[in-house]
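The values are calculated or read from the model by the stated rules, or taken from the named source; none is laboratory data. Just so it is clear, the structure is predicted and the values come from calculations on it, not from any experiment. Positions of Cβ are generated from backbone atoms using ideal geometry, with glycine treated the same way; all protein chains shown enter the neighbour counts.
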Amino acid sequence: MSARRPQLKREGPKQSREARLQMEEKDLRPSATRRALLPMVIARGFLTGLVAFAAMIAFAGVAAAADHVARGSFQGASGHVTLGGVTVEKTAEGYVLVLEDDFSFDGAPDPQLGLGKGGYDGSTRFSKLKSNSGKQSYTLPAGIDASQYDEVWVWCEKFSVPLGVAKLN
């Protein structure tokens with residue numbers, strides 16, 4: 001038995017070359033729906049690209065504007081577990097203290113953040129702790145020059161005890 005080749009069907013009588021070209025051209029023309037949607041698709045793509053570009057520019061500006069002043073790692077105090085990194089950055093607006101992604105604190109009433117040099121300086125207390133874990137940013141008040149301190153403290157204001165300290169270098 002020999003294998004048979006499939007027969008190709010012809011669609012009607014032979015068409016002239018001109019008729020075939022007109023049919024192909026008609027098939028390539030976008031439908032009314034496609035013509036109506038095309039500007040929206042182009043605009044959406046353009047806007048998405050524009051937003052992405054603006055985000056890249058903004059991120060580059062922020063990254064370039066912040067200078068690391070100091071970095072350290074927390075150790076617990078007064079029987080509390082306080083861990084993770086901290087960075088002090090200088091920006092055009094002033095100093096920003098960043099608790100890194102790995103920051104964690106076991107909890108206590110009224111935890112506050114402040115700075116110190118050889119011990120906690122209560123006059124530098126600048127914020128309540130926003131969260132017991134994860135990355136957090138705090139803008140220091142204009143009157144605090146972070147470059148004059150070498151410690152970041154988590155302090156319990158209610159009981160006046162240290163909860164954790166990070167030595168900066």
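Just need a number here: residues in the stretch 114-130 that are under 21 Å from LYS167 (Cβ atoms) and part of a loop (DSSP other than H, G, I, E, B).
7
What's the total number of residues in the stretch 145-169 that are touching a strand residue (DSSP E or B) at 6+ places or on another chain (Cβ under 7 Å), outside any strand (DSSP E or B) and more than 16 Å from VAL86 (Cα to Cα)?
Going through the stretch 145-169 one residue at a time, the tally reaches 1.
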>> Restricting to the stretch 131-144, name every residue that is surrounded by fewer than 13 Cβ atoms within 10 Å (Cβ to Cβ), part of a loop (DSSP other than H, G, I, E, B) and touching a strand residue (DSSP E or B) at 6+ places or on another chain (Cβ under 7 Å).
In response: ALA142
> Do you know which of the residues in the stretch 65-123 that are among the small types (Gly, Ala, Ser) and within 12 Å of ALA146 (Cα to Cα) is surrounded by the fewest Cβ atoms within 10 Å (Cβ to Cβ)?
Replying inline: GLY94
>> Residues that are in a loop (DSSP other than H, G, I, E, B) and in contact with a Leu (Cβ under 7 Å, 6 or more places away or on another chain): does the stretch 85-92 have at least one?
In response: no
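Give TYR149, TYR95 a once-over and let me know the one that is of a type in the set (Ser, Thr, Tyr) and under 25 Å from the mean Cα position of the chain (by Cα).
On the way: TYR149 fails: under 25 Å from the mean Cα position of the chain (by Cα).
The match here is TYR95.
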> Pairs under 9 Å by beta carbon, first residue of a type in the set (Lys, Arg) in the stretch 148-164, partner modelled with pLDDT of 95 or more and buried (at least 19 other Cβ atoms within 10 Å of the Cβ), six or more apart or different chains?
Replying inline: LYS158/ALA108
>> Scan the stretch 95-105 and tell me whether some residue there is touching a residue at least 24 places away in the same chain (Cβ under 8 Å) and more than 21 Å from ALA66 (Cα to Cα).
In response: yes
